[in-house]
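Below is one structure, written out as structure tokens; the observations come after it.
The values are calculated or read from the model by the stated rules, or taken from the named source; none is laboratory data. Just so it is clear, the model here is predicted, and its values are computed rather than measured. Positions of Cβ are backbone-derived with ideal geometry, glycine not excepted, and every protein chain shown enters the neighbour counts. These area figures cover heavy atoms from the full protein model, side chains too; ligands, DNA and RNA do not enter into them. Shrake-Rupley method; radii C 1.70, N 1.55, O 1.52, S 1.80 Å.
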Amino acid sequence: MFAESVPVLVSGRAINSYRSVPVAIDLDRDGRKDLVLGEWYSSVRFYRNTGPDSAPFFNGFINLVEPDPDSFLNGNPPRVNFTDWDGDTDQDMITCDYYGSVFLRRNVTQSGTGETGSGELSALKHGPTIARGVLLLARVPEPASLLDATGAVVMNLTSGPNDVRHLPPGIYFVSGRTAGKVVIQR
């Protein structure tokens with residue numbers, strides 16, 4: 001049996017988020033269950049609990065994954081789960097969407113990195129990701145290019161979504177500090 005439902009509050013106001021998908025997890029490892037919501041437009045929000053588990057208190061959120069209303073590269077809305085995917089003792093994020101696509105975002109927090117004084121967490125970083133013909137690069141700190149197997153530049157890349165649907169299937173490489181291998185299939 002369960003008691004009557006009550007709204008979950010953030011700064012005293014009920015969370016009202018269209019088609020959100022909640023997960024309770026101690027993501028920041030402070031011994032209290034936090035709230036993570038997969039949101040409409042592919043975003044993933046983190047609400048840090050500053051109260052006890054018996055009376056959680058949330059005072060705002062940060063985006064672990066920024067909203068993406070153009071390409072929905074993290075699902076729409078993403079169903080979020082966490083696991084230690086790579087065996088390094090931190091929680092990696094796995095999401096899926098309405099269409100059945102499954103996405104992995106490895107936790108790349110540096111060992112020994114503490115939280116900032118403002119309580120902000122940095123967004124999760126990830127390497128090149130391709131879904132439904134769109135190559136996503138989190139941040140491109142310098143000019144980056146997509147190279148074919150011969151090393152020839154096939155297109156210049158920018159931060160965010162890059163449409164690669166016009167390219168033939170094959171193996172491509174991202175140049176620069178965001179380097180990685182990308183496989184385009186049809």
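For this structure, a couple of remarks:
- Subset of the range 12-23 (residues that are open to solvent by less than 70 Å² (accessible area, probe 1.4 Å) and either among the hydrophobic types (A, V, I, L, M, F, W, C) or under 15 Å from residue 34 (Cβ atoms) (or both)): 14, 15, 20, 21, 23
- Test: residue 35 is under 16 Å from the mean Cα position of the chain (by Cα), open to solvent by less than 30 Å² (accessible area, probe 1.4 Å) and over 26 Å from residue 160 (Cα atoms): yes
- The listed residue being modelled with pLDDT under 70 and small (Gly, Ala, Ser), out of 117, 87, 100: 117
- Checking each residue in the range 36-53 for being outside any strand (DSSP E or B) and of a type in the set (Val, Ile, Thr) picks out only 50.
- Given (1) loosely packed, with under 11 Cβ neighbours inside 10 Å; (2) modelled with pLDDT of 85 or more; (3) in contact with a Gly (Cβ under 9 Å, 6 or more places away or on another chain), index of the condition residue 152 fails: (3)
- Scanning the range 1-11 for residues that are surrounded by 13 or more Cβ atoms within 10 Å (Cβ to Cβ) and part of a loop (DSSP other than H, G, I, E, B) yields a single hit, 8.
- Filtered by the rule that a residue be at pLDDT below 90 and of a type outside the set (A, V, I, L, M, F, W, C), the range 32-44 gives 38, 39, 41, 42, 43.
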